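The values are calculated or read from the model by the stated rules, or taken from the named source; none is laboratory data. Small disclaimer: the values here were computed from a predicted structure and weren't measured. Note that each Cβ is placed from the backbone with ideal geometry, even for glycine, and that neighbours are counted across all protein chains shown. Side chains included, ligands, DNA and RNA excluded: accessible areas come from the protein's heavy atoms. Shrake-Rupley method; radii C 1.70, N 1.55, O 1.52, S 1.80 Å.
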Amino acid sequence: MSEIDSLKAQLQELQDKALALFADAANSKVLQELRVAYLGKKGELTSVLKGVGKLPPEDRPVIGQFVNATKNALAEALDKAESMLAEKEKALRIEAERIDVTLPGRKSAQGALHPVQQGLNDMMAIFSQMGFEMAEGPEIEDEFHNFDALNIPAEHPARANHDTFFFDMEGTADTKLLRTHTSPVQIRAMQACVDAGGEPPLAVVASGRVYRCDSDVTHSPMFHQVEVFQVDKDVSLANLKGVLQHFLSAYFEKDVPIRLRPHYFPFTEPSAEVDIGCVFCNHKGCRICKGSGWIEVLGSGMIHPNVLKAVGIDSSVYSGFAFGLGVERLVMLKHGIPDLRLFFENDVRFLRRMGSSK
Ligand code: DAH
């Protein structure tokens, strides 16, 4: 075979092989490598061209045309294969990223306030709408604020009734305890007023956790109270009754009858326990109110002169009322919850039902 025919045959073979490889290329990266392998400076075509130099000069233009035709055929086939692959890859990508908009959505669980927190918020909102200012006090209290200043001296039997958690603090005279009620906030709020050189009127609402060494169906070692008091000139039992009537009707969202029943608290004189018409039987008498038609909801009274004296407020000029209530108890009554422990077990079925009831 002449030199030129042999070159032509080589070119034809190279082209056939290349076109087959281009058509088979799995992806555009492989194709790119093939482009370099065939058309690149050190590629197959270049090495065939090296043989052209050996040809007689009159044959060179002939083979030149042939080389060009091959080059064009390869370039064209590469472009075509490239655009086909690009189409294919795009289709694959679209398929892989396809979103089925008819599938059901993934719901994110919605949280809700704990029923006790919800109750607290409702109560605080009612009192602040009535003009009571919010105050806070520490959960770790001292005997002065929790007892002495509230007219519960050291040997007073009421101290024993409070089932107090004391801290064991050796070597200090300053005994600390977990507050057994929110009444110490009365003392702190009145002291703060007096210390700042102020004087009544004072109308304060405070809420928070209280602790008692006590646990059964109706008692938990930690529970929440709301404490309310007002001190001014000429505050009377009638003011107390009016505030209670408004608050209880607003909280229970209906006109509830109330009655004040004489009672004893060391920090109030006179003192009264407050009952509401039973919310379960509409005041008619049922198992829950033991047939009486009344349910006890809180303790109240006119602030004892000794309490005002303890904080330096002149009881011959000022008088005040105070009351304190158990938040869990009121929430239980409002929603007919039978067991106090449900609040602390955090069973999601209970929490969900309560959370959606608002
Ligand atoms: N501190 C009392 C208790 O925890 C509740 C109470 C009764 C608060 C009468 C008062 C009140 O402010 O006047 O049992």
Task: Options H246, H283, H263: the member that is out of contact with any Lys or Arg (no Cβ under 6 Å at 6 or more places or on another chain), within 12 Å of the ligand (Cβ to nearest atom) and of a type outside the set (V, I, T) - done: H263
Open item on the list: Among the listed residues V243, V235, identify the single one that is part of a loop (DSSP other than H, G, I, E, B) and surrounded by 14 or more Cβ atoms within 10 Å (Cβ to Cβ).
Closed with: V235
TODO: Kindly establish whether E136 is open to solvent by 80 Å² or more (accessible area, probe 1.4 Å) and among the charged types (D, E, K, R).
DONE: yes
- [ ] Could you identify the single residue in F223, F144, F167 that is closer than 24 Å to E328 by Cβ and not basic (K, R)?
- [x] F223
- [ ] May I ask you to list pairs of residues, at least six apart or on different chains, whose Cβ atoms are under 8 Å apart, with the first in segment 43-65 being modelled with pLDDT of 85 or more and the second being open to solvent by 70 Å² or more (accessible area, probe 1.4 Å) and of a type in the set (A, V, I, L, M, F, W, C)?
- [x] G43/V36
TODO: Could you tell me which residue of segment 142-201 is farthest from the ligand (Cβ to nearest atom), considering only residues that are among the charged types (D, E, K, R) and surrounded by 15 or more Cβ atoms within 10 Å (Cβ to Cβ)?
DONE: E199
Task: Positions within segment 286-325 being away from the ligand (no atom under 15 Å from the Cβ), farther than 17 Å from L202 by Cα and either in contact with a His (Cβ under 8 Å, 6 or more places away or on another chain) or aromatic (F, W, Y) (or both), in sequence order - done: G293, W294
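Can you list the helices (runs of 4 or more DSSP H) lying wholly within segment 284-353 that have 3 or more residues being open to solvent by less than 10 Å² (accessible area, probe 1.4 Å)?
327-335
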TODO: Could you grab the pairs with beta carbons closer than 6 Å, sequence gap of 6+ or different chains, first residue in segment 339-350 and more than 20 Å from A109 (Cβ to Cβ) and in the same structural domain as H219 (by TED's automatic domain parsing), second one at pLDDT below 90 and open to solvent by 90 Å² or more (accessible area, probe 1.4 Å)?
DONE: L340/T218
TODO: Residue by residue through segment 100-117, note down the ones that are among the hydrophobic types (A, V, I, L, M, F, W, C) and either at pLDDT 90 or above or in contact with a Cys (Cβ under 6 Å, 6 or more places away or on another chain) (or both).
DONE: V101, L103, L113, V116
Task: Cross-chain or 6+ apart pairs with Cβ under 7 Å, segment 157-186 first and on the phi < 0 side of the Ramachandran plot, then within 14 Å of the ligand (Cβ to nearest atom) and among the aromatic types (F, W, Y) - done: R159/F147; F165/Y211; L178/Y211; R179/Y211; T180/Y211; S183/F267; Q186/F229
Open item on the list: Taking the conditions exactly as written (in contact with a Pro (Cβ under 8 Å, 6 or more places away or on another chain), open to solvent by 10 Å² or more (accessible area, probe 1.4 Å) and within 12 Å of the ligand (Cβ to nearest atom)), does Y211 satisfy them or not?
Closed with: yes
Task: Tally of residues being part of a helix (DSSP H, G or I), open to solvent by 60 Å² or more (accessible area, probe 1.4 Å) and within 30 Å of M332 (Cβ to Cβ) across segment 62-120 - done: 1
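Select from segment 46-61 the residues that are among the aliphatic types (A, V, I, L, M) and either farther than 20 Å from F22 by Cβ or open to solvent by 50 Å² or more (accessible area, probe 1.4 Å) (or both) and list them in ascending order.
L49, V52, L55
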